[in-house]
Every structure is written in structure tokens, then in C-alpha cells.
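Read the structure below first, then the notes.
The values are calculated or read from the model by the stated rules, or taken from the named source; none is laboratory data. No experiment lies behind these values; they were computed from the predicted model shown. Cβ: placed from backbone, ideal geometry, glycine included. Neighbour counts: every protein chain shown. Just the protein is used for accessible areas: all its heavy atoms, side chains included, with ligands, DNA and RNA removed. Shrake-Rupley method; radii C 1.70, N 1.55, O 1.52, S 1.80 Å.
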Amino acid sequence: MKIHEYQAKELFSKYGIPIPQGRPAFSVEEARAAATELGTLPVVIKAQIHAGGRGKGGGVKLAHSADEVAAVAGAILGMTLVTHQTGPEGKLVRRLLVEQGLDIAKELYLSMLPDRGTASVVIMASEAGGMDIEQVAATTPEKIVKVQVNPLLGLQGFHCRQLAYGLNLAPELVKKFIPMIGNLYKLFSAYDCSLLEINPLVITKGGDILALDAKVNFDDNALYRHKDILGYRDLDEEDPAEVEASKYNLNYIKMDGNIGNMVNGAGLAMATMDIIKLAGAEPANFLDVGGGASAEMVENGFRIILGDPSVKGVLINIFGGILRCDVLAQGVVEAAKKVDVKVRIVIRMEGTNVDKGREILQASGLNLIVAADLKDAAGKIAKIARA
Amino acid sequence: MSIWVDNTTRLLVQGITGREGRFHTSQCVAYGTSVVAGVTPGKGGQDADGIPVFNSVRQAVAATAANCSMIFVPPPFAGDAILEAIEAEVPLIVAITEGIPVADMMKVKNYLNGSRSRLIGPNCPGIITPGQCKIGIMPGPIHRIGPVGVVSRSGTLTYEVVHQLTMQNIGQTTCVGIGGDPVNGTNFIDCLQAFNQDPATKAIVMVGEIGGSAEEQAAEFIQQQVKKPVVGFIAGLTAPPGRRMGHAGAIISGSSGTAQAKIEAMEKAGITVVKNLGELGETCARSFQGAI
């Protein structure tokens, strides 16, 4: 799960991690009130969307007076912000963060994330703050200092010192930095974060160190033990069809193509998308109905795929194991009867009860194209895409 | 011959009294697996379809000499269940459970280091040695006894691969699903090493997907040490970056973990990489000619 910057900063504040004074605002009036409450000028007005690169896209602006706050807030709210992470369609800005402006002396980078290879928490820091860290890693890797924390051991003093000295911090800043790392690690562990990134972490001219930005993602598998943050989920930031699918425990990701597909199992689903592409078409989605899908889940999945107006054909690829082919066939038939199907449907089934499944499809009287195997299915779907 | 499981395997099932655990245990028994015990805390002394149930793994092992555990415990308690099995020194642990928090698995992985246990999974279909022993949720009948070792990060995609091999009359020594989670126990290299040393395994099929760099490392290992022919497949060429494709571990982060990079690394290592999944069976038949 992703959350907004202002929400991440609320968590930072709870854990004693220094942040600039700020208030969220959902309207121009609220932005004006927030600036008044802060009582300092200039303020920074920051678009709140679940994507990085907001500054370059025009979503972060300074305001030097109350009137300018209103003008800037009015301009950013409701704009469609396009950044390198939003895709060309951009994202509509519905929320703002109004923050005190700071006199910045230096920008640093800091992040924590679970490293899959070493099963440890990797903490990365760099003096090259405010930049894309992947680019820093590619061009000047010597500017990145990295420590690995064994989760059975936890964060130790030497980890923090390695980071502090690696960043060439002055002695009085080291004293502020080390407890901050400790608190960030506490937050990271307490909430099962899958990413915690501060870019930039700033040193002010007054000698303070603060998180100017805050990005926190959570492990979806651990959300059951963090009910207190579920309220942070912003459905406006998610694709409506994906939200709908998640209600039925379906794993759906919207894509740009015109061939829909429904598959059981994530690996096979990806491979099926690849086959569609190899056949000369583009997949319209990823949809994994899971190993133990019911006829009802299949029906809902079908409805969601067909709800996408660009879909002109659907490939259903099921390898029956736990999900039996007769259950799948029943679901498809019921869904096709309820939904007005205007597109061609190719079904490829294999595995448990496949003969029974094919019988159900044939007896349904529906105009379904049954494929013998994957190669055959790819050929049939290619024909539809070309039509 | 085979790797890790055969007809001497004595299986215990953690979470045997749950719906999934009970169903799949019955399927394993039907395949011929020797299931000797179940563990469900609080239900010790009962039986599940005739299999004795114990309160703890230690008790079950002491009473039945079980040497392998299959875990169906729900995600919030699965990490703990794996740790219990490691602590009880069960030699092979197969965790089927999907959805274990990464933080729990990171602890498990570090606790595994230096222990006497091997972990397969989690979030995997399990391991099967055709004709001898099935531990997991894969459909038994698609398998066939033969000379090819299969290792995969996926579930149904593995079934597809196995099915295509069987349709070509190519049987399998052992098929291992190492799971789709970012942090897992046994990795590609562990399996490749075991297949390489197993005299019955004459060729290997390796099925990967986007996310992480396990396939790249495996490719390097194959180039250096594996003399048997390897056919590979990678799922996710069309997967968009930054999105988790069903499996918790299937995500392209920034520019790392792409299918393209994995395929290139594998081809460089001399592995025959199949681009179209529909052609995997035929490609294996061609590439393994003479070896199997």
C-alpha cells in the first residue's frame, strides 16, 4: 500500500523524526487557513499524489503571500500532474500539503528497504540528495553508503555511525542524525514498511536535519496487523477497475492493449500476456483469479475485463489444479449469460476435469472458441486482434 | 533417483485440520506419499482422516520419525510454524502458504542459516518426485517418471511446463516450486546444484519470472558448473514496471528485475531460452535429444 507524503509525515512525527511544519489542505480555503496557521512565509505548496517527480511536473511551488497561497493552491488543485512516474495520462491533484519554507544548506538522500537477496534491511544514504538514486547508483556509486541490518539483530550503533560518517556529517549533526536513524528503523519495523525513502533529507542553514520529503510504502501481506493505517488508503489514487477487482480478491492490473485475459496463477498469467504480445496483439490487463477460484470469482473477473471498452477479444487460459475446469466453465457460461458479450472469446483449458469443462462450454450454446493448446490459443487470439 | 524427496520421505503436515490442509493431505496420501503425522496446536490426540495429530512439531517428530513437514498454516502464523519446524530440526520443510509478511520471512531466512533444515517456499506448489512422493498442491496425474529436473518460481506455470514435457513423453526426476515470494528458502542455485549431482537427472528446465536477480545468479552458476543441458523460460516480458504481478516477488523495481535482462543473462550462459511458452515442450524435446 502506498500513502501520501503528508500521511507519511504524520507517522514521522509520531516517531520523533523531524519534519517541517505543515498542514494538509483539500481546498483553496483550507490552504489559505493552513498558511495562516503556520504563520510563516514563504510556504511551499506541494501536490499530494502517489508518484514521484512532482516538482519537475509543476506540482511543488513557493508562495510568498496569502494571496499567492490562494492562487498557487487554486492552480495546483485540480491540475493533472504528469511526472515520469504517472505515465502520460498523469494524475489529478485532489490534496495539497502546505509547508513552511526552509533555508536549505544541503540535500541528502536516505532510504530503507527489505533486500530480497540478503534477507536484511538495507539502509542507503547519499550526499547526492534530491536526485534520482538509480541514476546516482549508475553514474557515481561511490556517493552511496549502504549498510545491511540483520532483522534478528536489529539496528546497531555501528550501522548508524557508518551512515553518519559516510555522509561526512559535522559532529553536531551526527548527534542529531543517529537518533533519527534509530527512530526511522523503529517506524520501518513497527509498520512492516516495504520502502521508506526521504529524498531529500535536508540540512538547514540553522544546522537542523529534517525530512523534506517522505515516501512510505507498506507490505500488503502485513496490513492485517496494522489496522490503524488502513484509513490512509486513498482509493482516488487507484484504478477503479482494480479497486473493484480487489473486492472480489481478484488480482487485476489494467494495461493499454485490446486483448483481455483471465488466467489462474500469477506466473501463467504473465506468460499468457507475453503470448498475446508474441502473437502480435497487446494485453489489456493482467488478471489472476487464483488457485482456488470459485465460479463467482470467474464471473466477476469476466465482468471487469469486459468493462474495459478497448477490449476486443478475451483469452481465458486455465490450468486446472485446485481450480477445476468444470467450475471455470460454469463461471464463464453464467457470466456470459448475464453480461452482454460483444467480443470474441477464446478458451484454453487443461488439467483437472477438462473434459467435463469442455462439455459444459459446448452445451452452453454460446459462441466460444475452444483452443486445443497454448499455441493454438495464441493463433486464434492473433486472428481476432487482426480482424 | 531424485532430489530431496522419495519413497523414504515421512511427511508431517502443519495445519492438517484446516480446510486446505486436510484436502491436500488427502491428495498427497492418494498419490502414495507416506503421511505419518499432523500438527495443530490444541488438537493433539485427535486424528485427521486416520492421521494422528500432535500439539507440536517436536512431539510429532518424536512419535513418528517424520523427516519432512508440509505447512498449510495461515499467513499470520506461518512464519512461526516454519520457525518451529526449524527448531525441531526437521530436515525438509515445504511451506505452501501464500501471503506471509516479508519481515517474518526475513527472520525465518536468517534463522535457517546454520540450521539443519532446508526450506522450500513459501508461496509455492511444493515438490514432487513422480511415482514416489508428492508434497504440495500440484495435480499428480500430469507428472511422469523420467530424466528431467524442473525448478520454477511459479505454480500453475509449472503445471503447464510439466504437462508439455509429459505430452512429449519426457518424464521428470523431481519438480520443485521454489515459490513466488521475494524472500524464500531454497533458491534456483540450490536446486540446480542438486539436479547437477543427481545421476538420474539428465537435463533441467528452469522457469523464472520478473523481480529480483535470482535468475541472473543461476545463469552464472549454470555457466560455471552445470554440464547438463538447460532449457529456460521467463514470464513477464510485458509486465509494466513498478507493479506487483500477483506474486509478492514479481515486480520490476526501477530498471532491475526485468524479463529482458534475465533472458539475456541466461542466453549468455548457454541456456536455451524459450520465448513462446506454447513451444516449451517441443524445444525441450529438441534440446534434450541425446542427453535424455
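Looking only at segment A:55-112, filter to residues that are within 14 Å of another protein chain (Cβ to nearest Cβ) and free of Cβ contacts under 8 Å to residues at least 12 places away in the same chain; which one of those is surrounded by the fewest Cβ atoms within 10 Å (Cβ to Cβ)?
Among residues in segment A:55-112 that are within 14 Å of another protein chain (Cβ to nearest Cβ) and free of Cβ contacts under 8 Å to residues at least 12 places away in the same chain, the one surrounded by the fewest Cβ atoms within 10 Å (Cβ to Cβ) is A:88.
Collect the residues in segment A:257-283 that are away from chain B (no Cβ under 11 Å) and either part of a loop (DSSP other than H, G, I, E, B) or open to solvent by 10 Å² or more (accessible area, probe 1.4 Å) (or both), keeping them in residue-number order.
Passing the criteria: A:258, A:280.
Considering only residues that are assigned to a helix (DSSP H, G or I), touching a residue at least 40 places away in the same chain (Cβ under 8 Å) and open to solvent by 80 Å² or more (accessible area, probe 1.4 Å), look in segment A:216-238 and name the one that is farthest from the other protein chains (Cβ to nearest Cβ).
Only one residue fits best here, namely A:236.
Might you let me know whether segment A:162-171 holds any residue that is away from chain B (no Cβ under 14 Å), in contact with a helix residue (DSSP H, G or I) (Cβ under 6 Å, 6 or more places away or on another chain) and outside any helix (DSSP H, G or I)?
Yes - at least one qualifying residue is present in segment A:162-171.
Any idea which of B:220, B:215 is within 14 Å of chain A (Cβ to nearest Cβ), in contact (Cβ under 8 Å) with a residue 24 or more places away in the chain, surrounded by fewer than 20 Cβ atoms within 10 Å (Cβ to Cβ) and on the phi < 0 side of the Ramachandran plot?
Values: B:215 fails: surrounded by fewer than 20 Cβ atoms within 10 Å (Cβ to Cβ).
Going through B:220, B:215 in turn, the sole match is B:220.
Would you say residue B:199 is surrounded by fewer than 24 Cβ atoms within 10 Å (Cβ to Cβ), in a strand (DSSP E or B) and more than 10 Å from chain A (Cβ to nearest Cβ)?
Values: surrounded by fewer than 24 Cβ atoms within 10 Å (Cβ to Cβ): yes; in a strand (DSSP E or B): no; more than 10 Å from chain A (Cβ to nearest Cβ): yes.
In short, no.
If we scan segment B:93-116, do we find a residue that is under 18 Å from residue B:10 (Cα atoms), at pLDDT 95 or above and open to solvent by 10 Å² or more (accessible area, probe 1.4 Å)?
Initially, segment B:93-116 is screened for residues under 18 Å from residue B:10 (Cα atoms), giving B:93-96, B:116.
Retained after the next criterion (residues that are at pLDDT 95 or above): B:93-96, B:116.
Still in the list and also open to solvent by 10 Å² or more (accessible area, probe 1.4 Å): B:96, B:116.
Yes, segment B:93-116 contains at least one residue that is under 18 Å from residue B:10 (Cα atoms), at pLDDT 95 or above and open to solvent by 10 Å² or more (accessible area, probe 1.4 Å).
Examine segment A:284-291 for a residue that is small (Gly, Ala, Ser) and either within 8 Å of another protein chain (Cβ to nearest Cβ) or closer than 30 Å to residue B:140 by Cα (or both), and state whether such a residue exists.
The first filter runs over segment A:284-291 and keeps only residues small (Gly, Ala, Ser), leaving A:284, A:290-291.
Filter once more, so that each one left must be either within 8 Å of another protein chain (Cβ to nearest Cβ) or closer than 30 Å to residue B:140 by Cα (or both): A:290-291.
Yes, segment A:284-291 has at least one match.
Examine segment B:172-195 for a residue that is surrounded by fewer than 20 Cβ atoms within 10 Å (Cβ to Cβ), free of Cβ contacts under 8 Å to residues at least 60 places away in the same chain, under 17 Å from the mean Cα position of the chain (by Cα) and under 18 Å from residue B:272 (Cα atoms), and state whether such a residue exists.
yes
For a quick check of your reading: which helices (runs of 4 or more DSSP H) sit entirely within segment A:293-387 and have at least 3 residues that are within 32 Å of the chain's Cα centre (by Cα) and more than 14 Å from chain B (Cβ to nearest Cβ)? Step through it out loud before you land on a result.
Working: elements: A:295-306, A:325-338, A:354-363, A:374-386.
Those helices (runs of 4 or more DSSP H) span A:295-306, A:325-338.
Out of (1) more than 25 Å from residue B:8 (Cα to Cα); (2) aliphatic (A, V, I, L, M); (3) open to solvent by less than 20 Å² (accessible area, probe 1.4 Å), the odd one out for residue B:127 is which?
Evaluating residue B:127 over (1) more than 25 Å from residue B:8 (Cα to Cα); (2) aliphatic (A, V, I, L, M); (3) open to solvent by less than 20 Å² (accessible area, probe 1.4 Å) leaves (1) as the failure.
Can you go through B:8, B:33, B:25 and tell me which one is of a type in the set (S, T, N, Q) and surrounded by fewer than 22 Cβ atoms within 10 Å (Cβ to Cβ)?
Numbers: B:33 fails: surrounded by fewer than 22 Cβ atoms within 10 Å (Cβ to Cβ); B:25 fails: surrounded by fewer than 22 Cβ atoms within 10 Å (Cβ to Cβ).
Being of a type in the set (S, T, N, Q) and surrounded by fewer than 22 Cβ atoms within 10 Å (Cβ to Cβ) holds for just one of B:8, B:33, B:25, which is B:8.
With the requirement that a residue be outside any loop (DSSP other than H, G, I, E, B) and within 10 Å of chain A (Cβ to nearest Cβ), what does segment B:235-269 give you? Full working, then the answer.
Filtering segment B:235-269 for residues outside any loop (DSSP other than H, G, I, E, B) gives B:235, B:253, B:256, B:259-268.
Selection gives B:235, B:253, B:256, B:259.
Can you pull out every residue in segment B:84-113 that is assigned to a helix (DSSP H, G or I) and within 11 Å of another protein chain (Cβ to nearest Cβ)? Give the steps one after another, and end with the answer.
Going through segment B:84-113, the residues assigned to a helix (DSSP H, G or I) turn out to be B:84-87, B:102-112.
Within segment B:84-113, B:102, B:103, B:104, B:105, B:106, B:107, B:108, B:109, B:110, B:111, B:112 qualify.
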